[in-house]
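The values are calculated or read from the model by the stated rules, or taken from the named source; none is laboratory data. Keep in mind the model is a prediction, meaning the values are calculated, not measured. FYI the Cβ positions are ideal-geometry reconstructions off the backbone, even for glycines, and counts take in every protein chain you see. The accessibility values were calculated without ligands, DNA or RNA, using every heavy atom of the protein model including side chains. Shrake-Rupley method; radii C 1.70, N 1.55, O 1.52, S 1.80 Å.
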Amino acid sequence: MARNTGVTRRLISSGGMYEAAFGYSRAVVIGDDCWVAGTTDAGADGTSEHPGDVAGQTWAALERIERALADAGLTMSDVVRTRIYIVEIADAATVGAVHGQVFGEIRPAATMVQVVALIHPSLRVEIEADARRA
């Protein structure tokens with residue numbers, strides 16, 4: 001159910017296969033705030049484009065987040081929070097290192113947790129990002 005609050009709500013889509021089917025957007029922008037949905041490296045068929053390569057999956061997810069933010073008129077420097085979901089705790093150091101390369105000086109608040117599984121068994125990392133226009 002939608003309600004009209006008088007605030008402009010803009011939806012950003014990446015065209016991913018799950019967006020329309022599951023009723024969500026890659027990102028939602030309201031005013032100076034942007035929330036980017038959980039993002040993986042899933043290709044058109046829903047499977048990883050970097051199977052078995054958690055670093056590759058992390059880079060790809062962060063690149064997709066960057067594109068969504070750009071579509072919203074923001075940059076990675078505007079990110080204030082990330083949430084990282086990994087399937088294997090042994091991947092934490094690798095995923096964290098890639099996150100650190102991207103966000104080293106930005107240093108958003110961040111959380112990383114292990115989960116039982118993601119939407120497809122080939123996916124090992126999923127990342128959400130919240131941003132606020134500076």
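Could you state the angle between the C-alpha long axis of helix 92-103 and the longest principal axis of the C-alpha atoms of the chain, as a value from 0 to 90 degrees rounded to the nearest 10?
Once rounded, one gets 40 degrees.
For Cα pairs less than 8 Å apart in space and 6+ apart in sequence, what is the mean separation divided by the residue count of the chain, i.e. the relative contact order in percent?
30
What accessible area per residue, rounded to a whole number of Å², is obtained for segment 5-103 using a probe radius of 1.4 Å?
Per-residue accessible area for segment 5-103 comes out at 48 Å².
Just to verify a number: FRET efficiency for Ala20 and Ile89, C-beta to C-beta distance, R0 = 35 Å, to 0.05?
0.60
If you take the square roots of the eigenvalues of the alpha-carbon gyration tensor of segment 72-134 and sort them as a ≥ b ≥ c, do you get rounded (a/c under 1.5), prolate (a/b over b/c) or oblate?
Prolate is the answer for segment 72-134, as a/c is 1.5 or above and a/b outweighs b/c.
Where the accessible area of segment 84-134 is counted over protein heavy atoms with a 1.4 Å probe, how much of it, in %, is carbon and sulfur?
Carbon and sulfur atoms account for 54 percent of the accessible area of segment 84-134.
Calculate how steeply helix 54-71 sits against the longest principal axis of the alpha-carbon atoms of the chain, using the helix alpha-carbon long axis, and give the answer as 0 to 90 degrees to the nearest 10.
Rounded to the nearest ten degrees, it is 10.
Extension gain Ser77-Arg132, at 0.36 nm per residue separation less the Cα-Cα distance, in nm?
The Ser77-Arg132 span can extend by a further 18.9 nm.
How big is the gap, in Å, between the Cα center of segment 13-27 and the Cα center of segment 92-134?
Between the Cα centres of segment 13-27 and segment 92-134 lies a distance of 19 Å.
Which option, [x] 22, 17, 15; [y] 57, 12, 8; [z] 24, 18, 12, is the value of semi-axes √(5λ) of the Cα gyration tensor in Å that was calculated from these coordinates?
[z]
Working with all protein chains in place, sort Arg83, Arg107, Arg133 by solvent-accessible area computed with a 1.4 Å probe, largest first.
Arg107, Arg133, Arg83
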